[in-house]
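Enquirer: Quick one: the structure is below, questions incoming.
Just so it is clear, none of the values below were taken in a lab; they were calculated from the coordinates. Keep in mind that this is a model prediction, so the values were computed, not measured. Cβ sites come from the backbone with ideal geometry, for glycine too, and all protein chains shown count toward neighbours.
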Amino acid sequence: MSELRFDGKVAVVTGAGHGLGRSHALMLAARGANVVVNDLGGALDGTGASTGPAAEVVELIAKDGGRAVANADDISTPEGADSLVRTALDVFGRVDVVVNNAGILRDKSFGKMTVEEFDAVLAVHARGSFLVSRAAFPHMKEQGYGRIVNTSSPSGLFGNFGQANYATAKMGLVGLTKTLGIEGARAGIKANAIAPMAWTRMTETLFPAEYAHKLAPEKVSPLVVFLAHESCPTSGEVFSVGAGRVARVFVAEGPGWRSDDLSAEAIRDNWDAILTEQPYLQPTTLGEQWGASLNEML
Ligand code: NAD
C-alpha cells in the first residue's frame, strides 16, 4: 500500500492548538507537509488568547523531524485570515492545503440565545472558514492546485438542542463547501467537508470517560489527510467521521409530486407522496435540480 505523502506541500490548519486540529496538523506533518499551525489559544467560548497551544504543537512536530510554524492569528477577522495565509507564503513559499477547523461554542437554548452569542459562533466557524479560504484561493488558483477541508458537524446536519448558532454555521459550511467545489473545479481546487465526532475539550462533558480512546481525534484525521491529498477524487462532498467509521452524507431530493392546479388542500391530500424519498435525486448543480423540476413539467 503506497503511503499518502505531502512532501513539498504546505498545509494551513486553523485551530490546531488543541483537539482535532492538533491531530490533523501532527498527521499532515508526519507525512511530510510543511504545516502552519494556527491557534488563537482562547477558551472554549472564544474568549482570551495565548500563543502557547500553537507553539506547543510546532515543538512536537519539530521534535519528530517535521517542519511547522506557529501562528496565533484570529481567523474570524479578514486581517487575521490574510495574515495567516501570508505566513504560509512567507515561510514556506506556497499554500496547497487549508483545513478550516477552528471553532468555539456558545450553547444556549433558542429562547435564551442572544444576538452576540449567535454572531460570535458564526464569526469563527462560517466567516472564519470563508476568510481563510478566500485568502488562499487566489494562490491556489494561480498554481492550479488546492485542497480545502471544512469542518461541519452532525449538529448542523441534523440539528441539536441548544446549538442554533453552531448548527446554522455548520450547515452553512456545507453550502460553502459545495460552492467552493463548483468554483474551484477548473483550477484544480477541491473542497470537501467532514462532520466529525471526537473526544476533545469541546465534547468531554458529553461522552463517558471510557469513550476517550475510542473517540480519539486520531480516528478522524486520516480522513482529513485523504481529503487534503492530491489523490482525493471527490469535491463538494461531506463525510461523517468518528470512532474509525467514515460515511458519506448527502443532500438529496425526493421524486416529488406535482399538480398543474396546486393548492394548499392538494398538498395536504398528497403529503405522503411529497414525503416520499425514493427514487431520490442528488443534484450536483442548481441546473441539475432545476432540470428535474422543469423536465417533468415540459
Ligand atoms: P477544540 O476546542 O479542542 O479546538 C478548537 C480550536 O480552535 C481551539 O484550539 C481554539 O483555540 C481554536 N480557535 C477558536 N477560535 C479561533 C479563532 N478565532 N482563530 C483561531 N483559532 C481559534 O475543539 P475540537 O473538538 O477539536 O473542534 C475542532 C472543530 O471540529 C471545530 O470546528 C468543531 O466545531 C468541530 N467539531 C468537533 C466535534 C467533536 O466531536 N469534537 C464534533 C463536530 C464538529
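Enquirer: Would you tally the net charge around ALA185, using a Cβ to Cβ cut-off of less than 12 Å, leaving ALA185 out, and scoring K and R as +1, D and E as -1?
Expert: Within the 12 Å Cβ shell, the charges total +3.
Enquirer: Taking the mean number of other Cβ atoms within 10 Å as a proxy for protection, how do you rank 37-46, 124-133 from highest to lowest? List each step's numbers first, then the result.
Expert: Values: 37-46: 21.9, 124-133: 25.2.
Going by the mean number of other Cβ atoms within 10 Å, highest first, we get 124-133, 37-46.
Enquirer: Considering only ALA30, ALA247, ALA136, give the residue with the highest GNM mean-square fluctuation for the chain, with springs between Cα atoms whenever their separation is below 10 Å.
Expert: ALA247
Enquirer: A further question follows. Show the residues, 5+ positions off or on another chain, whose built amide H is closer than 5 Å to the amide H of ILE189.
Expert: So ILE189 has HN proximity to GLY146.
Enquirer: What ratio of Cα Rg to 2.2 N^0.38 Å holds for the stretch 24-155?
Expert: Numbers: Rg = 15.4 Å, N = 132, 2.2 N^0.38 = 14.1 Å.
Normalised Rg, Cα atoms only: 1.09.
Enquirer: If I model a spin label at MET202 and ALA264 as a point 7 Å from the Cα along the Cα→Cβ vector, what separation in nanometres do I get?
Expert: Once both label points are built, they end up 4.1 nm from each other.
Enquirer: Along Cα→Cβ, 7 Å out, is where each label goes; now give me the distance between the ones at ASN160 and THR234 in nm to one decimal.
Expert: Roughly 2.1 nm, to one decimal.
Enquirer: Quick check: residue separation of ALA273 and SER50 times 0.36 nm, minus the Cα distance between them. What number comes out in nm? Could you put the intermediate results ahead of the total?
Expert: Values: separation 223, 0.36 × 223 = 80.28 nm, distance 5.52 nm.
The span from ALA273 to SER50 would gain 74.8 nm if fully extended.
Enquirer: Could you compute the net charge surrounding GLY144? Neighbours are other residues with a C-beta less than 15 Å from the C-beta of GLY144; K and R count +1, D and E count -1.
Expert: Values: positive: LYS9, ARG94, LYS141, ARG147, ARG186, LYS190; negative: ASP96, GLU142, GLU183, GLU230.
Counting the neighbours of GLY144, the net charge comes to +2.
Enquirer: Which lysines have a Cα lying under 18 Å from the Cα of LYS108, excluding residues fewer than 8 positions away in the same chain?
Expert: List returned: LYS170.
Enquirer: Can you classify the stretch 170-298 as rounded, prolate or oblate using the Cα gyration tensor, where a ≥ b ≥ c are the square roots of its eigenvalues, rounded means a/c under 1.5, and otherwise it's prolate if a/b beats b/c and oblate if not?
Expert: On the way: a/c = 3.41, a/b = 1.65, b/c = 2.07.
In terms of gyration-tensor shape, oblate.
Enquirer: Modelling each spin label as a point 7 Å along the Cα-to-Cβ direction, I'd like the ASP90/LYS214 distance in nm, to one decimal.
Expert: In this crude spin-label approximation the distance works out to 4.6 nm.
Enquirer: For LEU28, LEU227, what ranking results if the residue with the fewest other Cβ atoms within 10 Å of its Cβ goes first?
Expert: LEU227, LEU28
Enquirer: Return the lysines within reach of LYS190: Cα separation strictly under 16 angstrom, same-chain partners fewer than 8 residues apart disregarded; answer none if there are no such residues.
Expert: Once the sequence-local lysines are set aside, what remains near LYS190 is LYS9, LYS141, LYS178.
Enquirer: Cut-off is 10 Å between beta-carbons; in what order do TYR280, TYR145, TYR166 appear when sorted fewest neighbours first?
Expert: Details: TYR280 13, TYR145 18, TYR166 24.
Ascending number of Cβ neighbours within 10 Å: TYR280, TYR145, TYR166.
Enquirer: Follow-up question, since we're still on this one. Counting only C-alpha contacts under 8 Å and six or more residues apart, can you give the relative contact order of the stretch 10-249 as a whole percent? Please report the intermediate quantities before stating the final value.
Expert: Working: 534 pairs, mean separation 43.9, N = 240.
Answer for the stretch 10-249 is 18 percent.
Enquirer: Compute the length gained on full extension between ARG134 and ALA247: take 0.36 nm times their separation in residues and subtract their Cα-Cα distance, giving the result in nm to one decimal.
Expert: Stretched fully, the ARG134-ALA247 segment lengthens by 37.9 nm.
Enquirer: Follow-up. List every residue whose amide H lies under 5 Å from the amide H of GLY162, counting only residues 5 or more places away in sequence or on a different chain, with H placed 1.01 Å from N in the peptide plane.
Expert: For GLY162, the qualifying residues are PHE110.
Enquirer: So, one more: Report, in whole Å, the centroid distance computed from the Cα atoms of the stretch 142-201 and the stretch 232-289.
Expert: 19
Enquirer: Could you give the size of the charge dipole of the chain about its Cα centre, using +1 on the Cβ of each K and R and -1 on the Cβ of each D and E, expressed in debye and rounded to the nearest 20? Intermediate results must be reported in sequence, preceding the final value.
Expert: Values: 26 positive and 33 negative charges, 155 e Å.
With only Lys, Arg, Asp and Glu charged at Cβ, the dipole is about 740 debye.
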